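Working notes for the structure below.
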């Protein structure tokens with residue numbers, strides 16, 4: 001059996017995944033302080049997540065700067081978290097995940113997933129719903145790429161409000 005291949009050059013600056021993979025640490029090579037700190041891993045994950053993101057890195061950073069919740073989270077990350085009883089209820093989801101939150105190049109990650117500011121939730125919901133998968137499939141994709149408080153409820157609402165999905169779900173008339 002023969003195969004036809006099409007080889008296409010992609011500039012390094014436009015090919016984040018290849019660039020990220022080419023910089024993965026080699027087995028047996030001593031790690032730098034940056035690698036040992038986990039910072040390099042976070043940067044790799046950020047570049048991989050941005051590769052399939054519906055927004056650019058700049059749009060994401062700008063939206064994060066405008067998001068009052070995330071700015072408060074940033075203050076806590078840099079200056080120390082108060083006790084749970086002193087946290088506003090809207091910030092409790094971040095408090096619960098504070099040990100797994102990181103800030104990479106001005107973008108929040110939680111366990112390697114982009115923490116999306118409110119302003120761009122719809123961009124991610126549209127990406128997750130492209131091809132009109134069901135709620136469970138959307139949640140599964142989100143668990144790899146993106147997180148924000150109450151994301152599961154927003155995914156469910158978004159899918160249930162999709163006109164094309166609702167048309168496809170209508171039961172046929174009985175004969």
| Listed residues 98, 150, 139, 143; which is exposed (fewer than 14 other Cβ atoms within 10 Å of the Cβ) and over 22 Å from residue 57 (Cα atoms)? | 150
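Going through the stretch 158-175 one residue at a time, which ones are surrounded by fewer than 13 Cβ atoms within 10 Å (Cβ to Cβ), modelled with pLDDT of 90 or more and not in a loop (DSSP other than H, G, I, E, B)? Let's see the steps before the verdict.
Of the stretch 158-175, the ones surrounded by fewer than 13 Cβ atoms within 10 Å (Cβ to Cβ) are 160-161, 163-164, 166-175.
Add one more test, that the residue is modelled with pLDDT of 90 or more, and what stays is 160-161.
Residue satisfying the conditions is 160 alone.
For the stretch 140-157, what are the residues that are modelled with pLDDT of 95 or more and not in a loop (DSSP other than H, G, I, E, B)?
Answer for the stretch 140-157, where residues must be modelled with pLDDT of 95 or more and not in a loop (DSSP other than H, G, I, E, B): 147, 151, 152, 153, 154, 155, 156, 157.
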| Right, residue 91: touching a strand residue (DSSP E or B) at 6+ places or on another chain (Cβ under 9 Å) and assigned to a helix (DSSP H, G or I) or not? | no
| task | Only residues that are within 12 Å of residue 158 (Cβ to Cβ) and surrounded by 14 or more Cβ atoms within 10 Å (Cβ to Cβ): list them for the stretch 105-136, please. | result | 121, 123, 124, 125, 127, 128, 129, 133, 135
| query | Just wondering, is there one or more residues in the stretch 101-108 that are over 13 Å from the mean Cα position of the chain (by Cα), modelled with pLDDT under 90 and over 30 Å from residue 169 (Cβ atoms)? | reply | yes
| remark: Picking from 54, 117, 93, the residue that is under 16 Å from residue 142 (Cα atoms) and modelled with pLDDT of 95 or more would be 117
| said: For the stretch 67-88, give me each residue that is surrounded by 12 or more Cβ atoms within 10 Å (Cβ to Cβ) and part of a helix (DSSP H, G or I). | reply: 69, 70, 71, 72, 73, 74, 76, 77
| field | The one condition in (1) over 17 Å from the mean Cα position of the chain (by Cα); (2) in contact (Cβ under 8 Å) with a residue 60 or more places away in the chain that residue 86 fails to fulfil | value | (2)
| note | Within the stretch 51-61, of all residues that are free of Cβ contacts under 8 Å to residues at least 40 places away in the same chain and under 17 Å from residue 146 (Cβ atoms), the one surrounded by the most Cβ atoms within 10 Å (Cβ to Cβ) is 51
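The values are calculated or read from the model by the stated rules, or taken from the named source; none is laboratory data. These numbers come from a predicted model, not from an experiment. Virtual Cβ from ideal backbone geometry, glycine too; neighbours counted across all protein chains shown.
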